């Protein structure tokens with residue numbers, strides 16, 4: 001099983017199937033509660049971002065996607081996760097444990113934000129894109145601090161951000177459980 005497949009299994013386990021909670025801004029097509037139509041989230045893919053995620057797919061895959069997020073299959077979600085998140089955070093170039101953490105953050109909080117947290121953790125230029133300079137800084141940081149310290153710093157930056165979101169009061173306990181489980185789940189990422 002590839003690192004992506006293992007990471008996808010973990011993330012989809014956190015994201016789950018269809019949800020139509022009115023209090024979740026991502027469930028609304030406008031990205032804010034009460035803005036647009038309440039269409040829900042399926043496999044962690046929110047109605048608010050579904051069009052953007054589709055645009056990141058190759059044309060042949062894009063043509064196969066349903067009009068509504070409710071109708072997405074797990075295989076279609078996997079294709080979106082690979083193109084819209086995994087590939088965009090250069091996860092194939094990250095150590096497996098860190099790849100899971102950055103990938104999960106990209107899915108849950110956005111690609112740019114995940115990249116900025118990694119760049120903050122490794123002291124790279126905060127441009128929101130994981131390229132050669134960020135990867136070199138990551139390698140240098142991991143050699144000095146170790147992989148566990150790097151993963152912990154990434155998670156700390158993510159937790160500090162999420163705890164300050166206005167929706168933390170509603171969703172915070174679930175998010176905290178996810179953030180606490182991920183480091184343990186990341187320990188199995190390098191195993192065959």
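The values are calculated or read from the model by the stated rules, or taken from the named source; none is laboratory data. Here the structure is a predicted model, which is why all the values come from computation and not from measurement. As a convention, Cβ positions derive from the backbone with ideal geometry for all residues, glycine included, and neighbour counts pool all protein chains shown.
Before moving on, here are some points about what is shown:
- Search result, residues across segment 114-136 that are surrounded by fewer than 17 Cβ atoms within 10 Å (Cβ to Cβ) and either in contact with a strand residue (DSSP E or B) (Cβ under 8 Å, 6 or more places away or on another chain) or assigned to a helix (DSSP H, G or I) (or both): 120, 132, 133, 135, 136
- Taking the criterion of being in contact with a helix residue (DSSP H, G or I) (Cβ under 7 Å, 6 or more places away or on another chain), touching a residue at least 40 places away in the same chain (Cβ under 8 Å) and either closer than 28 Å to residue 190 by Cα or not in a loop (DSSP other than H, G, I, E, B) (or both), the only residue of segment 16-49 that qualifies is 44.
- Test: residue in segment 94-110 that is farther than 16 Å from residue 155 by Cα and either surrounded by fewer than 20 Cβ atoms within 10 Å (Cβ to Cβ) or in contact with a helix residue (DSSP H, G or I) (Cβ under 8 Å, 6 or more places away or on another chain) (or both): no
- Yes/no for residue 105 being assigned to a helix (DSSP H, G or I) and modelled with pLDDT under 95: no
- Taken over segment 160-186, residues that are under 23 Å from residue 6 (Cβ atoms) and in contact with a helix residue (DSSP H, G or I) (Cβ under 7 Å, 6 or more places away or on another chain) amount to 7.
- Criterion: surrounded by fewer than 18 Cβ atoms within 10 Å (Cβ to Cβ), at pLDDT below 90 and part of a helix (DSSP H, G or I) - qualifying residue of 52, 87, 75: 52
- Residue within segment 155-165 that is over 15 Å from the mean Cα position of the chain (by Cα), buried (at least 16 other Cβ atoms within 10 Å of the Cβ) and either in contact (Cβ under 8 Å) with a residue 40 or more places away in the chain or in a helix (DSSP H, G or I) (or both) present: no
- Residue 110 vs. criteria closer than 26 Å to residue 167 by Cβ and modelled with pLDDT of 90 or more: yes
- Pairs are defined by a Cβ separation below 6 Å, a sequence spacing of at least 6 or placement on different chains, a first member in segment 126-151 that is closer than 17 Å to residue 114 by Cβ, and a second member that is in a loop (DSSP other than H, G, I, E, B); the pairs so defined are 130/90; 133/124; 134/124; 137/123; 137/124.
- Test: residue 61 is crowded, with 18+ Cβ neighbours inside 10 Å, out of contact with any strand residue (DSSP E or B) (no Cβ under 8 Å at 6 or more places or on another chain), within 19 Å of residue 81 (Cβ to Cβ) and without any contact (Cβ under 8 Å) to a residue 60 or more places away in the chain: no
- Among residues of segment 137-146 being in contact with a helix residue (DSSP H, G or I) (Cβ under 9 Å, 6 or more places away or on another chain) and surrounded by fewer than 17 Cβ atoms within 10 Å (Cβ to Cβ), the one that is nearest to residue 100 (Cα to Cα) is 139.
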